Amino acid sequence: MVNFITKRLLMMLLTMLCASFLVFAVCEFTPGSVARKSLGPFATQQQVDLLTQKLRANDPLLVRYGRWLGVLVGAIPDPLQDPGTGLNFSDPRGARYFGNFGYSTLNKLPVNDVIWKRLGNTSILAGLAFLLIVPLSIIFGILSGLKEGGVLDRTLSVICITFTSIPEFASGVFLVTLFVILWPILPGTSPLDSDGGWPIPSQLVLPVAVLVIYDFGYVARMIRVSMIGVMERPYIRTAVLKGMGTRRVILGHALRNAMIAPFTVLLLQINFLISGVVVTELVFAYPGFGRLLLDASMFGDIATLEAATLITVGVAVATQFVGDLGYMLLDPRIRMA
């Protein structure tokens, strides 16, 4: 187990390094100079020339990546905090600290002062949606898998396929029309601000509903397929022939084995709920991580884009690591391999 965890952690670190280099290279090779993209479109040419000199932007790519990585881990000071660049912002943490993602030209603040708050907002939205997606998917998937081809299976399958096929913007508009315009019991936007008269919990209802409607049907279908395969196994038939109760067969034998395959699918939903909710956040004006990523890409905020992409990759490799550990707990054969 120790060797397994050590290897996985090393692979996670290597993956993060490769991803950070690709992100840095892509952002560096986009049109325009690095200094101009860092300072924004309204900086003077003198400021651009000064920052180009301080960043040593004409150095080879690997040298510049090493310097950027040094700023990120706090090994070297951030040159953008020099008042001579024209940014003139003061970071109480100083020019050298671990996790320094640089300066956001869109928000006129250090990236850390913006991105973690937005990520926290999206985590609230994603957490609530995930807490509903998991039990709904398991219940629908088990009920469909127990009676393959029956009326309940066909009904639940139609519901899951219909919900999954509806785009997020369409379900968002439909829910707004129903619960904001025709039956005004919920707010149409979710700015996470109670000054508009709506409490914050009520502002989360519609965005969470959109995510649950879009996502749970797909996961339920995966659990259904896995459940059908498990119920056809010889050990399940043997347990039934021995007179074991249906509840004990499902909870004690079928469910655990049926969840081995969909376990990764469930974890992948975390990646989607963190980085793939741009449409939902845009429809409801939700100040989240996905909307920040969209705004940064449209504005050309390179530092924020690099930080957001790196965080997204970090979430992906972390969920993959948890998935590997989960497989080992669910399937003893993997531990013995």
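The values are calculated or read from the model by the stated rules, or taken from the named source; none is laboratory data. Just so you know, these numbers come straight off a predicted model, no measurement behind them. Backbone-built Cβ (ideal geometry, glycine too); neighbour counts: all protein chains shown. Only protein heavy atoms, including side chains, enter the accessible area calculation; ligands, DNA and RNA are left aside. Shrake-Rupley method; radii C 1.70, N 1.55, O 1.52, S 1.80 Å.
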- Taking first residues from the stretch 121-148 that are touching a residue at least 12 places away in the same chain (Cβ under 8 Å) and second residues anywhere that are surrounded by fewer than 20 Cβ atoms within 10 Å (Cβ to Cβ) and outside any helix (DSSP H, G or I), the pairs with Cβ under 6 Å that are 6 or more apart or on different chains are N121/P287
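Here are D295, D301, D324: which of them is more than 11 Å from the chain's Cα centre (by Cα) and open to solvent by 40 Å² or more (accessible area, probe 1.4 Å)? Step through it out loud before you land on a result.
Working: D301 fails: open to solvent by 40 Å² or more (accessible area, probe 1.4 Å); D324 fails: open to solvent by 40 Å² or more (accessible area, probe 1.4 Å).
Result: D295 is the single residue among D295, D301, D324 that is more than 11 Å from the chain's Cα centre (by Cα) and open to solvent by 40 Å² or more (accessible area, probe 1.4 Å).
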- Message: Based on this model, can you work out whether I213 counts as under 22 Å from L156 (Cβ atoms) and either of a type in the set (S, T, Y) or in contact with a Gly (Cβ under 8 Å, 6 or more places away or on another chain) (or both)?
- Response: no
- Reported set for the stretch 252-282 where residues are open to solvent by 30 Å² or more (accessible area, probe 1.4 Å) and closer than 13 Å to G141 by Cβ is L255, A261, F263
- Query: Looking only at the stretch 219-251, which residues are open to solvent by less than 50 Å² (accessible area, probe 1.4 Å), more than 25 Å from C160 (Cα to Cα) and assigned to a helix (DSSP H, G or I)?
  - Reply: I236, A239, V249
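Regarding R256, is this residue in contact with a Cys (Cβ under 6 Å, 6 or more places away or on another chain) and within 30 Å of A316 (Cα to Cα)? Give the steps one after another, and end with the answer.
Numbers: in contact with a Cys (Cβ under 6 Å, 6 or more places away or on another chain): no; within 30 Å of A316 (Cα to Cα): yes.
Against the criterion (in contact with a Cys (Cβ under 6 Å, 6 or more places away or on another chain) and within 30 Å of A316 (Cα to Cα)), R256 does not qualify.
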